[in-house]
Amino acid sequence: MSPPTSASSWSCETHSVDETRQLGAHLGEALEPSSVIALSGNLGAGKTHLTQGIAEGLGIERRLVNSPTFALVQEYAGRLPVFHFDTYRLRNVDEFLDLGFDEYLSLRGVCIIEWAERVAEVLPADTLTVRVSATGESTRLFEWQAGGEVSLRILQTLRNRSR
Ligand SMILES: Nc1ncnc2c1ncn2[C@@H]1O[C@H](COP(=O)(O)OP(=O)(O)OP(=O)(O)O)[C@@H](O)[C@H]1O
Ligand SMILES: [Mg+2]
């Protein structure tokens, strides 16, 4: 039986960088082994700031986290290992797979992918997707969608913590 739409999707808004980091931290605390977080949204939407919060929630110093523009994938060690991908500079899905995405996935850590819409076809069904959009100078909308059992549980925990 598929879950009702109301449980698999949720949206929330933040009003400052600090609030976005707090939202990310709540998510980081809720993550489980093999979590996949797919981030989409324009340049400057807030994907990296959310990722810094996620890192903090996993016990990783946020200053270590930047857009992995040149390395394409960064690894951080926290409560769970984190693999942070930025696909902005990749030309196609094969280049993403060549980075070793499937191998990273098998390490049962947390995979966070910026510009995930570019590689959506090779992400697992059980991915927590979030679309970030600017709704004002300092406000950002986060639209969440869970695609399976693990991401649904994480989203539920995030909603409870963010109340
Ligand atoms: N509520 C907010 N949450 C997050 N960032 C905000 C917010 N309000 C304003 N900002 C600004 O928006 C920008 C977000 O930058 P960030 O690097 O996180 O975006 P990004 O989506 O990762 O972009 P890119 O695709 O270029 O890597 C920053 O300049 C930040 O100061
Ligand atoms: Mg970024």
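The values are calculated or read from the model by the stated rules, or taken from the named source; none is laboratory data. Here the structure is a predicted model, which is why all the values come from computation and not from measurement. A quick note on method: Cβ atoms are made from the backbone with ideal geometry, for glycine too, and the neighbour counts reach across all protein chains shown.
The table below gives the values:
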| read-out | value |
| --- | --- |
| Qualifying residue in the stretch 77-86 (condition: within 16 Å of ligand 2 (Cβ to nearest atom), free of Cβ contacts under 8 Å to residues at least 40 places away in the same chain and either more than 17 Å from residue 129 (Cα to Cα) or of a type in the set (D, E, K, R) (or both)) | yes |
| Selection from the stretch 41-77 of residues that are part of a loop (DSSP other than H, G, I, E, B) and more than 14 Å from ligand 1 (Cβ to nearest atom) | 58, 59, 60, 61 |
| Selection within the stretch 33-66 - of a type in the set (D, E, K, R) and within 13 Å of ligand 2 (Cβ to nearest atom) | 47 |
| Number of the exception - residue 121 against (1) surrounded by fewer than 19 Cβ atoms within 10 Å (Cβ to Cβ); (2) within 16 Å of the chain's Cα centre (by Cα); (3) of a type in the set (D, E, K, R) | (2) |
| Residues located in the stretch 78-98, provided they are more than 16 Å from ligand 1 (Cβ to nearest atom) and surrounded by fewer than 18 Cβ atoms within 10 Å (Cβ to Cβ) | 79, 81, 91, 92, 93, 94, 95, 97, 98 |
| Flag if residue 20 is within 21 Å of residue 102 (Cα to Cα), in a helix (DSSP H, G or I) and at pLDDT 95 or above | no |
| Tabulated pairs, the stretch 92-117, first over 19 Å from residue 31 (Cβ atoms), second among the aliphatic types (A, V, I, L, M), C-beta under 7 angstrom, 6+ apart or interchain | 93/119; 93/122; 96/90; 96/119; 96/122; 97/122; 99/72; 99/73 |
| Among the candidates 131, 159, 163, 153, residue that is at pLDDT below 95 and either over 21 Å from residue 57 (Cβ atoms) or of a type outside the set (A, V, I, L, M) (or both) | 163 |
| The stretch 127-149 - residue that is part of a loop (DSSP other than H, G, I, E, B) and surrounded by 17 or more Cβ atoms within 10 Å (Cβ to Cβ) and, of those, nearest to ligand 1 (Cβ to nearest atom) | 127 |
